[in-house]
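Beneath this line is the structure, given in structure tokens, with notes to follow.
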Amino acid sequence: MIAVIKYNAGNIRSVAFALERLSIEFTVTDHPEEIQKADKVIFPGVGEASSTMKYLQDNKLDRVIKELKQPVLGICLGMQLLCSFSEENNTTCLGIFDQHVKLFKPVKKEKVPHMGWNSLTLTNGWIDIDVNEQYVYFVHSYYVPVNTNTSAITEYILPFSSAMKKDNFYAVQFHPEKSSTIGEKVLQSFLNKS
Amino acid sequence: MLTKRIIPCLDIKDGRTVKGINFVDIRDAGDPVELGAAYAAQGADELVFLDISATNENRKTFASLVKEIATHVNIPFTVGGGITSISDVAPLLEAGADKVSINSASVKDPDLIDDLAKAFGSQFVVLAIDARKVGNQWIVHTHGGTQPTDKKLFSWAKEGQSRGAGEILFTSMDHDGTRQGFAVDPLAKLHELLSIPVIASGGAGNMQHFLEAFIMGKADAALAASLFHFGELKISDLKKYLQNNGVPVRV
């Protein structure tokens, strides 16, 4: 069973619909035990870092997530919260990835948030998509710099991490649940992990 | 590279698509879910669904339609039409909409923009502005472009941004329905003034018009309705044309 972590995030429903389209069985839950015993865990996220971290702490989900041993996928804010720190209201996050999440600073009138379809350059292989089908949908104002855990790079203002992996933790900055058939392949890539 | 977005707009009345005829590859062009999925498969980057029958009774129908759309469509979509309050919006987001567009109600009550942005985040809030040129001024109109207001396009767009709108959807009433091209000059000026994305709307008649909206109007996205619905222009052909002319698009 796949567990989708239930918390005050905006895209849980979209993630659920995407899993339904893939005919994947899942449960949306905030019960620590149910999350711990799931085969895989999806940690979605749309929202603001500090209030979301507080919610996770209040519900004791921060420790639960950190200690998971099965494959975990962080999406968007979910990926940022897996880092150690976010500039968004100076928030201490979960610390799986030893990275600081930074605010985009426009240099020539680029718009923030980075919103729309942008391309991926894969740098290590957990995402099984063809090199010529590379566009995915982004909505975010903060980014994770390119680092040793980076699995895909996207350019907007500067090159940033659009996907990462460390041990059993997988993460994407874009929204696979809104990224057409490519997004479905990205979700499937994660679901194929064991 | 961030690509320019092509957005088909579907008008919905009593749960059915208006104007959606002449589509060869789908069974029921009046079905917004099937039409939306067909556009997504053709390469549309986002969709907009406008409830043009927006009465209280129809609103419930619309929310259940939004849920159907969210279940079947795998790209982002915006819903709008007659939204006047947070309580109108919550069921739509609950049903799976990615963004809502607000128009007339925000002119009457600009705090609605702040309230929605605070409650759901700026990325959920698309401020739709209908304007037409009166003398030298672009005057904001409401109620489908029929009622002039005391607001001017540029100052209202700027105010919308500072109140928390995440995008501006600008329709030139002078161009809408003419098929003579988008209002390129005010689009370029909006781009200069704003730090949020601008969607061009009104006037699309051929592929070159989209190129002009992106190159000269500096628009981030372009929206059209009948041109796509009548099957006159295929999104895949439009995107190839734009790509051949140096506009970054998702193909």
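The values are calculated or read from the model by the stated rules, or taken from the named source; none is laboratory data. These numbers were taken from a predicted model, which means no experiment stands behind them. All Cβ positions, even for glycine, are placed from backbone atoms using ideal geometry, and neighbour counts span all protein chains on display.
Of everything in the range B:168-181 that is within 19 Å of B:Val134 (Cβ to Cβ) and of a type outside the set (S, T, N, Q), the residue that is nearest to the other protein chains (Cβ to nearest Cβ) is B:Phe170.
Summed over the range A:10-35, residues that are among the aromatic types (Phe, Trp, Tyr) and more than 10 Å from chain B (Cβ to nearest Cβ) total 1. A:Pro106 meets all of the listed conditions (1) at pLDDT 95 or above; (2) farther than 27 Å from A:Phe17 by Cβ; (3) not β-branched (Val, Ile, Thr) but one, namely (1).
Residues being within 14 Å of chain A (Cβ to nearest Cβ), at pLDDT 95 or above and in contact with a Phe, Trp or Tyr (Cβ under 6 Å, 6 or more places away or on another chain) are entirely absent from the range B:224-244.
Of all residues in the range A:146-191, those satisfying the criterion of being touching a strand residue (DSSP E or B) at 6+ places or on another chain (Cβ under 9 Å) and among the acidic types (Asp, Glu) are A:Glu155, A:Glu177. Restricting attention to the range B:230-248, the residues that are part of a loop (DSSP other than H, G, I, E, B) and either free of Cβ contacts under 8 Å to residues at least 40 places away in the same chain or surrounded by 22 or more Cβ atoms within 10 Å (Cβ to Cβ) (or both) add up to 4.
Scanning the range A:142-178 for residues that are surrounded by fewer than 24 Cβ atoms within 10 Å (Cβ to Cβ) and not in a strand (DSSP E or B) yields A:Val146, A:Asn147, A:Thr148, A:Asn149, A:Ile157, A:Asp167, A:Asn168.
For the range B:201-222, which residues satisfy the criterion of being more than 14 Å from every other protein chain (Cβ to nearest Cβ) and under 21 Å from B:Asn103 (Cβ atoms)?
Result: B:Ser201, B:Gly202, B:Gly203, B:Ala204, B:Ala213, B:Gly217.
Within the range B:95-115, restricting attention to residues that are among the polar types (S, T, N, Q) and without any contact (Cβ under 8 Å) to a residue 60 or more places away in the chain, the residue that is surrounded by the fewest Cβ atoms within 10 Å (Cβ to Cβ) is B:Ser104.
The residues in the range B:210-229 that are outside any helix (DSSP H, G or I) and over 18 Å from the mean Cα position of the chain (by Cα) can be counted, and the count is 1.
Look at A:Val64 and say whether it is buried (at least 16 other Cβ atoms within 10 Å of the Cβ), within 14 Å of chain B (Cβ to nearest Cβ) and in contact with a helix residue (DSSP H, G or I) (Cβ under 6 Å, 6 or more places away or on another chain).
On the way: buried (at least 16 other Cβ atoms within 10 Å of the Cβ): yes; within 14 Å of chain B (Cβ to nearest Cβ): no; in contact with a helix residue (DSSP H, G or I) (Cβ under 6 Å, 6 or more places away or on another chain): yes.
Against the criterion (buried (at least 16 other Cβ atoms within 10 Å of the Cβ), within 14 Å of chain B (Cβ to nearest Cβ) and in contact with a helix residue (DSSP H, G or I) (Cβ under 6 Å, 6 or more places away or on another chain)), A:Val64 does not qualify.
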